[in-house]
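Here the structure is laid out as structure tokens; the discussion comes afterwards.
The values are calculated or read from the model by the stated rules, or taken from the named source; none is laboratory data. The shown structure was predicted, so the numbers you read here are calculated from the model rather than taken from an experiment. For neighbour counting, all protein chains shown are included, and Cβ atoms are generated from backbone atoms with ideal geometry for every residue, glycine included. Just so you know, the surface numbers come from the protein's heavy atoms only, side chains and all, with ligands and any DNA or RNA stripped out. Shrake-Rupley method; radii C 1.70, N 1.55, O 1.52, S 1.80 Å.
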Amino acid sequence: MLIIVAGAIAVRFYNLGGQSLWSDEGNSAALATRSLIQIARDASHDIHPPLYYWLLHIWTRVAGTSEVGLRSFSVLTGLLLALAAGVVGRRLFDLPTGLVTAFVIALSPFAVYYSQEARMYTLLALEATVVVLAFWGYVSQEDNRLPVDGSSPRYLRWLPASGQFMILAWAAGLYTHYAFPLIIAMLTGLYAVWLAVSWRRGRVVRRLLRWGILLAITAGLYAPWLPIALSQLTTWPTGGNPVDLRTALPISLAILGLGPIARDQAGLWWMWSLPALAIIGLLAWPRGQRLGWLRWAIPAAWTAAPLVLILGFGLFRDAYLKFLLIASPAYSLLLARGVLALAGGLRASPLPKASGRLATTWGWLRGVLGAGWIVAALALVGGLSGVTLARYYTDPAVARDDYRGIVQFIAATAHPGDAILLDAPGQSEVFNYYYRGDLPIYPLPRQRPIRPEETLQELDRLLSHDKIYAVYWATAEADPKGLIETWMDNHGYKTLDQWRGNVRLAVYVMPERRPPDEAVDDLGQRFSAGIVLLGYRGWNLAPTAGQVTQLQLLWQAERQLVRRYKVFLQLLDPREQVIAQRDSEPAGDSRPTDTWDAGEVIQDNHGLLIPLGTPPGTYRRIIGLYDRDTGERLKLSDGKDFISLPPITVARAASSPPLAALNMLYNQQFDFGGITLLGHDRYKRGFGHVPDTALTPGDRLHLTFYWQANVQPRADWWFDLTLNDASGRAVAQLEAPLVSASYATPLWQKGEVVRGEHDLLLPDDLPPDTYRLSLALLPDVATQAGTAYLGTVKVVKKIE
């Protein structure tokens, strides 16, 4: 058990503060700083009762309110959950079951995930486990007709200690989460079945009355909060989707086994290995034991209850699937029973007509097979958990909403005159947990349901700002008709639109209050679908890295269009590398081309963000259209598929950006002496928006390197990029300046951060395999050369 606890501690504390707090955790952080009375008042308007927040308030007095301090309380309850689940397994069955149960839940990605979240769900699961443990003790004592502890006060001697403890645990659960009545209802149903089974033993009325008194006392303890609970449960929107069991069951089993990060893998064949073990555990009914049917019924009902709640009340959506954590101890118990049941079957398998030494040898072999199976099964469970946890710790695609990264980006790129829009004011707590700047913040809409006229009046105030950072989250509930985003798309120049988990950051440059720096009204360029670019206007044609150049396009359709086309705007360097790109349907996606009337003039605003670290120099701009569904570009009359606009000049930034604002895919730092590689991006060229797109032979692997000069470079530095196969043979190679010949390293300044864009061409005959990517720098005479291993690149077979 000590080894299991040590493992549970390790996986829960590892990288505990590595991910940003998300919106609900921000709410926990805000409430924890308030007084106990104020917490109760604020919780009365929330969808959760106050007990968790009270406990977190006390905890943070010691642990602090950092991400680690806030989440460490959940680590504690997660450790206690593993221990309590082990005790349940031991009490219901035996010591091996308890140990295996504790092992499974100690490494469970589901339990680890919520043990690293500053919310009440591990506390809720712990309370459910403790209640089940008390229930088993209560029923066992009644079934054995054991006397009540004589040391209890006289007025409590009619009630066993397990019953007294159960009342307190029930009350604690009710003050923790509104889903806890589910556990009380489940145990009441099991108790009723036990009474029906054991009615011949007498005292049914007395036992039923005693159970009713338990419920009544619990209700009395909860009475002060009951009106608030009823009000919140009857008015709070659910937003769930009705689904059938065939859809819900694979997803639920995937989450129970490997947590929410495995949701997208539900239904894969190997995902059924854990449910298969659980089913075996369910079928391994402990016949012949006292209360054997109840030992089976408790984990079965406990596992099913949350899913029944979710399906019965139409709550099947990501926000409510975390309720399944209540069942994770029971599911772990079933897995443990499945592992041990198969091991017992191996040990008990007979050898016909065996005697003497052969029987002894066979008995020894059965024991070895049983022990070997236990080791193999635990290795399977641990291996699946380990792979899933590795993905949880390292894969940005499954990380929590990155408010910390959003705030760091705003801090690195904002200027006086900018503002922040929080669409869904429920983000305010987590955003303000990180943000310490002076920009005005507009939390809109101010109320639910949204009041359009008041909201539009507040949106008009945004026109007085230069740039708006819009943070969109839970817009389906806060702004179901998209009033706010539509207004922003029509009035601003959207320059950035990226997801950070389930929260989205969009950056708009508001219309200039000065004449354009360039204006062309008689361009008349006609695309093949009957779309004409009448002209354009541009502002800020000499930006620095991190600033935005604005472009207003004027479109006209010669006829009614039936297909939807997207506009692309690219900034290219002299080597035709894409430095910046903006793709969207016209007017910030609010005026798709199939809604245009023939002859109607469409005003289409675009903002092109110059990426941080872009070298100073001259860059050309191109624009065009492509089919939204096929990706095929529309042609002009001269056969080209783009229009060239006059170039712009990017000036050197006044200061270097913080690393977090670079938003690198791979944050590997390598110090080569005079130059440091801060990190890099890599993906199939043209697929930066989906960087996991598979590479095939003949593709170009695009790499963006982020360099920083530690000193003033004296000579021109180059790099040697090599792709090697398993034998070490180089299959592709690129040797080039760190950025380009036009911005060689002697032009850099000390401390300057510069990005370089490069392509590595994969041979057409490259066999599908996994290859190693490494980078060597060719430095000046004052610095030693160095080599960095960047990772592996997987190449798959090209589909003809």
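Points to keep in mind about this one:
- Within the assembled protein chains, the solvent-accessible surface assigned to Arg628 is about 100 Å², based on a 1.4 Å probe.
- Annotation for Gln457 and Asp725: the two label points, set 7 Å from Cα along the Cα-Cβ direction, are 7.2 nm apart.
- The H on the amide N of Ser590, modeled in the peptide plane, is under 5 Å from the matching H of no residue at least 5 residues off or on a different chain.
- Chymotrypsin sites (Phe, Trp or Tyr not before Pro) lying in DSSP loop within the range 688-719, provided at most 14 other Cβ fall within 10 Å: none
- Cut-off under 5 Å, modelled amide H: who pairs with Thr544 long-range: Ala651
- Calculated log₁₀ intensity ratio I(q)/I(0) where the Debye formula runs over C-alpha points of the chain, q = 0.07, 0.09, 0.10 Å⁻¹: -0.67, -1.01, -1.17
- Debye log10 I(q)/I(0) at q = 0.16, 0.19 Å⁻¹ for the range 540-604, Cα point scatterers: -0.64, -0.80
- Near Leu541: Cβ cut-off under 10 Å, other residues only, Lys/Arg at +1 and Asp/Glu at -1. The net charge is -1.
- Close Lys-Lys pairs in the chain, where close means Cα under 25 Å and separation is 8 or more or interchain: 14
- The relative contact order of the chain comes to 8 percent, based on Cα pairs under 8 Å that sit 6 or more residues apart.
- Net length gained if the chain between Thr630 and Gln498 were fully extended (0.36 nm per residue, minus Cα distance): 45.3 nm
- When Glu585, Glu477 are compared by accessible surface with a 1.4 Å probe, the order from highest to lowest is Glu477, Glu585.
- For the range 684-800, the Kirkwood radius over C-alpha pairs fed into Stokes-Einstein at 20 °C and 1.002 mPa s yields D = 139 µm² per second.
- Principal axes of the range 1-58: Cα extent on each, largest first, Å: 43, 25, 19
- With θ taken as phi - 60° and the Karplus curve 6.51 cos²θ - 1.76 cosθ + 1.60 applied, the whole-hertz 3J(HN,Hα) list for the range 74-82 is 5, 4, 4, 5, x, 5, 5, 5, 4 Hz, x standing for glycine and proline.
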